[in-house]
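Shown next, in structure tokens, is the structure this report addresses.
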Amino acid sequence: MSNESKPHRGTIHVESAKILSHERFPGDQFVLRVAAPECAAKALPGSFVHLRTDPMLRMRRPLSIMRVSATEGWVDMLYKVVGEGTRLLSARQEGETLSMMGPIGKPFVAHPERPRALLLGGGVGIPPMVFLAEHLRRTGGFDPLVLMGSEVPFPFRARPSEIIVPGVPDGVIAAMPLMEDWNIASRLASLQGYPGVFEGYITDLARAWLKALSEEQRTQVEIFACGPHPMLAATAMLAREFSLPCQVSLEEFMACAVGGCAGCVVEVQEDNGPAMRRVCVDGPVFDASRVFV
């Protein structure tokens, strides 16, 4: 098979990524920063990496990229301990190195004709939304709203927002400090009763905001989402409800992450009928209307 049919060839790098910092947050969540200049230079919002979490484990683990610095050569990832691989990763210390493959996958693509970008991140689906928000800020011409949901404590200390967001219920003022620093509107949602956080699902908060827009304003909206499958299904329904384009980043178990094993395939509706597509290299970003039908 020719390389033209495998566009990811030549774009994925294997690096010995040195751990620069490894910060723990409540809920067994960690933010890992590694030195990986080749990955940092080419990563785009929606890209992920495949890490060897410990020399004892041959199977790598996929982690979404949260931030990069192409000039300084670092990559940030947020993860939650959910199994043996991430448990072993959580014990790795600053100064150690990890074998890392990346960047992998098709990224989100924002369209200038729809500058009101609505970004929805649930749980460990938050990192791609942070990456996308920063990318839109640097691109210019976009006015994003970032909504984040979590049923464990958020991996940052929320602070009251100074940015007014019409349609958001009174008292829902908790925001991600990084977004506030970037002058990007953000709000938080949870069922855990956290102060200043919307009590409900992230899609319900998004619906309230969309209803507050005029019809003309809604024609400028595009939705981007990453999170657990039920959240993405609800997001796809929300997009249909308001006739909005929507891109979702899928989370699937992966073995090779380079398209060889086909262990992460999902059914996607294409123009000529259903087809099986690999989340790792054909995605992880897909048109929501083609995945959730």
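Things to note:
- Scan of segment 62-86 for residues that are surrounded by fewer than 16 Cβ atoms within 10 Å (Cβ to Cβ), over 18 Å from the mean Cα position of the chain (by Cα) and outside any loop (DSSP other than H, G, I, E, B), ordered by number: Glu84
- Within the set Leu89, Leu51, Leu32, the sole residue that is buried (at least 21 other Cβ atoms within 10 Å of the Cβ), out of contact with any helix residue (DSSP H, G or I) (no Cβ under 6 Å at 6 or more places or on another chain) and more than 24 Å from Gly263 (Cβ to Cβ) turns out to be Leu32.
- Among the numbered conditions (1) closer than 28 Å to Arg61 by Cβ; (2) exposed (fewer than 15 other Cβ atoms within 10 Å of the Cβ), the only one that Lys211 does not meet is (1).
- Scope segment 224-253; condition of a type in the set (Gly, Ala, Ser) and either at pLDDT below 95 or not in a strand (DSSP E or B) (or both); matching residues: Gly227, Ala233, Ala234, Ala236, Ala239, Ser243
- Taking the criterion of being aliphatic (A, V, I, L, M) and under 13 Å from Ser99 (Cα atoms), the residues of segment 21-62 that qualify are Val34, Ala35, Ala36, Val49, Leu51, Met56, Leu57, Met59.
- Restricting segment 145-167 to residues that are under 19 Å from Val221 (Cβ atoms) and touching a Ser or Thr at 6+ places or on another chain (Cβ under 9 Å), the residue that is surrounded by the fewest Cβ atoms within 10 Å (Cβ to Cβ): Ile163
- Hey, Ala262 on the phi > 0 side of the Ramachandran plot, surrounded by fewer than 20 Cβ atoms within 10 Å (Cβ to Cβ) and not in a strand (DSSP E or B) or not: yes
- Of all residues in segment 214-237 being touching a strand residue (DSSP E or B) at 6+ places or on another chain (Cβ under 7 Å) and among the hydrophobic types (A, V, I, L, M, F, W, C), the one that is farthest from Gln192 (Cα to Cα): Val221
- Close pairs (9 angstrom Cβ cut-off, 6 or more residues apart or separate chains): free of Cβ contacts under 8 Å to residues at least 24 places away in the same chain in segment 245-267, small (Gly, Ala, Ser) and outside any strand (DSSP E or B) anywhere: Phe253/Gly263; Cys261/Ala255; Gly263/Ala255; Cys264/Ala255; Cys264/Ala257; Cys264/Gly283
- Being under 30 Å from Ser289 (Cβ atoms) and buried (at least 17 other Cβ atoms within 10 Å of the Cβ) is a property that Ala174 lacks.
The values are calculated or read from the model by the stated rules, or taken from the named source; none is laboratory data. Since this is a predicted model, take the numbers as computed values, not measurements. No Cβ is skipped: glycine too gets one built from the backbone with ideal geometry, and neighbour counts run over all protein chains shown.
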